[in-house]
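Take a look at the structure below.
The values are calculated or read from the model by the stated rules, or taken from the named source; none is laboratory data. All figures in this text were calculated on a predicted structure; none of them were measured in a lab. All Cβ positions, glycine included, derive from the backbone under ideal geometry; neighbour counts span all protein chains shown.
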Amino acid sequence: MNKDAASTNVPIVVTANGLLQRGADNTFAFAQDANFWYLTGIDEPDIILVMDGDQEYLIVPVRSASRQAFDGAVNHQPLAKRSEIKDVYDDQAGWEKLKARMHQVKRVATVNVPPAYVEQHGIYTNPARATMIERLKATKTDLEVLSLNQQIAQLRMVKQAQELAAIQAAIDITVKTIKETTKAAKLRSYSHEYQLEAELTHGFRRRGAAGHAFDPIVASGGRACTLHNVANSGNFAKDELVIVDVGAEVEHYAADITRTFSLGRPSRRQQAVHAAVLAVQKLAFSLLKPGVLIKDYELQIEHAMGQQLIELGLIKAVDHQSIRKYYPHSTSHFLGLNVHDVGDYKTPLAPGMVLTVEPGIYIHKEGIGVRIEDDVLITDKGLKILTDKLPRALN
């Protein structure tokens, strides 16, 4: 995709995700493409959205009789009602209409096709976008494909009222569930991380969430020093801390909250590390407001974290390499339809943006990991902490 679609009047074609194989003829639970959901509100695989001037329509693939028996048929009427797109075509009629239009234009716009394998994260990506592009280019070999990524990211960065309501609902469910499952007496009753994970899952579903917005992290002791330790299979020990990093999902919108708890009486060292993280988070709250550039903000947080690490005796000088040994991640990311939501980090913060604030310190040699994470809304006056009803105390 060699050009940007800004200010270009061309047909826009966006695809839903497809199902992914888990094993044999079994699939993983379906997860919709966030951009497709944002534009349609539809939670079915393989559907195509076309927006072309004053025309918009959906193309719905026909399912085999066997698949209909197992997965059900796709009814066009609910799709039209949900998306408010009145024209819904089956695969043959829809693609004939789209092919005819492709022969009239030189360019089409869509969301970028990701690489099949993202080495940095060690993940294979959903092939639906690539498959759609192949099919589009089969209609016209010299078709030029423009990118919509920047435009959709700009739209999704600033949340509408309905989106904020869904995010707040997810946060409220997460807060209530964490409070319920991490009371001192409850924590003492667990012997394994997975027991707390199960209680969190139960609490989310019981309160109306679709489930977890991401794989839950319940990591105690030294395991908490691995940032995304999602095995949740370790034993609890009374002299350890446990990081609980979870978020409910409501209408596809995510909460993302982290608290660190003591499984027994915290040591002075554990308290000191926890206090250092709290101090850095407090500073981060004070810095976030409209007009701030994330890059500048992250540099200020890094410096503040360096000072805390010196006081803890972990480093001798405030330099990037020394700090990142104990604080290897960013402080904030955008939050929304994805837990790590799309956003242009070069754009100044503006009212309506939702971010996380999550400093942490991880000391492998001492088996201490502390992270505290809250979700905040940028407002005209600064910020609103959406997760403020959840205490940050160590125990």
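Please work out if D33 is surrounded by 18 or more Cβ atoms within 10 Å (Cβ to Cβ), modelled with pLDDT of 95 or more and under 22 Å from K99 (Cβ atoms).
Values: surrounded by 18 or more Cβ atoms within 10 Å (Cβ to Cβ): yes; modelled with pLDDT of 95 or more: yes; under 22 Å from K99 (Cβ atoms): no.
Considered against the rule, which asks whether it is surrounded by 18 or more Cβ atoms within 10 Å (Cβ to Cβ), modelled with pLDDT of 95 or more and under 22 Å from K99 (Cβ atoms), D33 comes out as no.
Any idea which of (1) of a type outside the set (A, V, I, L, M, F, W, C); (2) within 29 Å of I315 (Cβ to Cβ); (3) more than 15 Å from the chain's Cα centre (by Cα) is the one E373 doesn't satisfy?
That leaves (3) as the condition not met.
Out of all the residues in region 326-354, which are outside any loop (DSSP other than H, G, I, E, B) and under 16 Å from T174 (Cβ atoms)? Working first, answer last.
Taking region 326-354 first, the residues outside any loop (DSSP other than H, G, I, E, B) are 326, 334, 354.
Once the filter is applied, which keeps residues that are outside any loop (DSSP other than H, G, I, E, B) and under 16 Å from T174 (Cβ atoms), region 326-354 yields only V354.
Given the conditions (1) modelled with pLDDT of 95 or more; (2) part of a loop (DSSP other than H, G, I, E, B), which single one is not true for K381?
Of everything listed in (1) modelled with pLDDT of 95 or more; (2) part of a loop (DSSP other than H, G, I, E, B), K381 misses just condition (1).
If I filter region 150-172 for residues that are touching a helix residue (DSSP H, G or I) at 6+ places or on another chain (Cβ under 6 Å), β-branched (V, I, T) and closer than 29 Å to D380 by Cβ, do I get at least one hit?
So far as region 150-172 goes, yes, one or more of its residues are touching a helix residue (DSSP H, G or I) at 6+ places or on another chain (Cβ under 6 Å), β-branched (V, I, T) and closer than 29 Å to D380 by Cβ.
Against the definition (surrounded by fewer than 16 Cβ atoms within 10 Å (Cβ to Cβ), in the same structural domain as E180 (by TED's automatic domain parsing), touching a helix residue (DSSP H, G or I) at 6+ places or on another chain (Cβ under 7 Å) and at negative phi), how does H364 come out, yes or no? Lay out the reasoning, then the answer.
Numbers: surrounded by fewer than 16 Cβ atoms within 10 Å (Cβ to Cβ): yes; in the same structural domain as E180 (by TED's automatic domain parsing): yes; touching a helix residue (DSSP H, G or I) at 6+ places or on another chain (Cβ under 7 Å): yes; at negative phi: yes.
Yes; evaluated as a whole, the condition is true for this residue.
Taking G291 as meeting all but one of (1) crowded, with 16+ Cβ neighbours inside 10 Å; (2) in a loop (DSSP other than H, G, I, E, B); (3) among the small types (G, A, S), write down the number of the exception.
The single condition G291 does not satisfy is (1).
Please verify whether region 313-333 includes one or more residues that are in the same structural domain as R223 (by TED's automatic domain parsing) and touching a residue at least 60 places away in the same chain (Cβ under 8 Å).
yes
Could you check R392 against (1) free of Cβ contacts under 8 Å to residues at least 60 places away in the same chain; (2) in a loop (DSSP other than H, G, I, E, B); (3) within 21 Å of L241 (Cα to Cα) and say which number it fails?
Of the numbered conditions (1) free of Cβ contacts under 8 Å to residues at least 60 places away in the same chain; (2) in a loop (DSSP other than H, G, I, E, B); (3) within 21 Å of L241 (Cα to Cα), the odd one out for R392 is (1).
Which condition does G23 not pass, out of (1) surrounded by fewer than 19 Cβ atoms within 10 Å (Cβ to Cβ); (2) closer than 30 Å to A161 by Cα, if it passes all the others?
With (1) surrounded by fewer than 19 Cβ atoms within 10 Å (Cβ to Cβ); (2) closer than 30 Å to A161 by Cα applied to G23, the lone miss is (2).
Restricting the search to region 252-277, which residues are under 30 Å from A166 (Cα atoms) and either assigned to a helix (DSSP H, G or I) or over 13 Å from the mean Cα position of the chain (by Cα) (or both)?
Residues satisfying the conditions are T258, R259, T260, F261, V277.
Would you point out the residue of region 192-222, among those that are in a loop (DSSP other than H, G, I, E, B) and in contact with a helix residue (DSSP H, G or I) (Cβ under 9 Å, 6 or more places away or on another chain), that is nearest to I363 (Cα to Cα)?
Step one: list which residues in region 192-222 are in a loop (DSSP other than H, G, I, E, B), which gives 207-210, 213-216.
Within this subset, residues satisfying the condition of being in contact with a helix residue (DSSP H, G or I) (Cβ under 9 Å, 6 or more places away or on another chain) are 207-210, 213, 216.
Numbers: R207: 36, G208: 37, A209: 34, A210: 35, A213: 28, P216: 21 Å.
If we take residues in region 192-222 being in a loop (DSSP other than H, G, I, E, B) and in contact with a helix residue (DSSP H, G or I) (Cβ under 9 Å, 6 or more places away or on another chain), then P216 is nearest to I363 (Cα to Cα).
For region 189-200, what are the residues that are out of contact with any strand residue (DSSP E or B) (no Cβ under 7 Å at 6 or more places or on another chain) and either surrounded by 17 or more Cβ atoms within 10 Å (Cβ to Cβ) or without any contact (Cβ under 8 Å) to a residue 24 or more places away in the chain (or both)? Walk me through how you get there before you give the answer.
Going through region 189-200, the residues out of contact with any strand residue (DSSP E or B) (no Cβ under 7 Å at 6 or more places or on another chain) turn out to be 189-190, 194-195, 198-199.
S189, Y190, Q195, A198, E199, listed by residue number.
Taking E84 as the residue in question, decide whether it is at positive phi and acidic (D, E). Lay out the reasoning, then the answer.
Values: at positive phi: yes; acidic (D, E): yes.
So E84 fits the description; yes.
So, in region 234-261, of the ones that are touching a Phe, Trp or Tyr at 6+ places or on another chain (Cβ under 6 Å) and within 21 Å of R188 (Cβ to Cβ), which residue ends up surrounded by the most Cβ atoms within 10 Å (Cβ to Cβ)?
In the first step, residues of region 234-261 are kept if they are touching a Phe, Trp or Tyr at 6+ places or on another chain (Cβ under 6 Å); the result is 236, 242, 248, 252.
Then drop every residue that is not within 21 Å of R188 (Cβ to Cβ), which leaves 236, 242.
Numbers: F236: 20, V242: 25.
Only one residue fits best here, namely V242.
Would you mind finding the one in D33, D46 that is closer than 17 Å to P127 by Cβ, touching a residue at least 40 places away in the same chain (Cβ under 8 Å), touching a Gly at 6+ places or on another chain (Cβ under 6 Å) and not assigned by TED's automatic domain parsing to the domain that holds H252? First the steps, then the outcome.
Details: D33 fails: touching a Gly at 6+ places or on another chain (Cβ under 6 Å).
The unique qualifying residue is D46.
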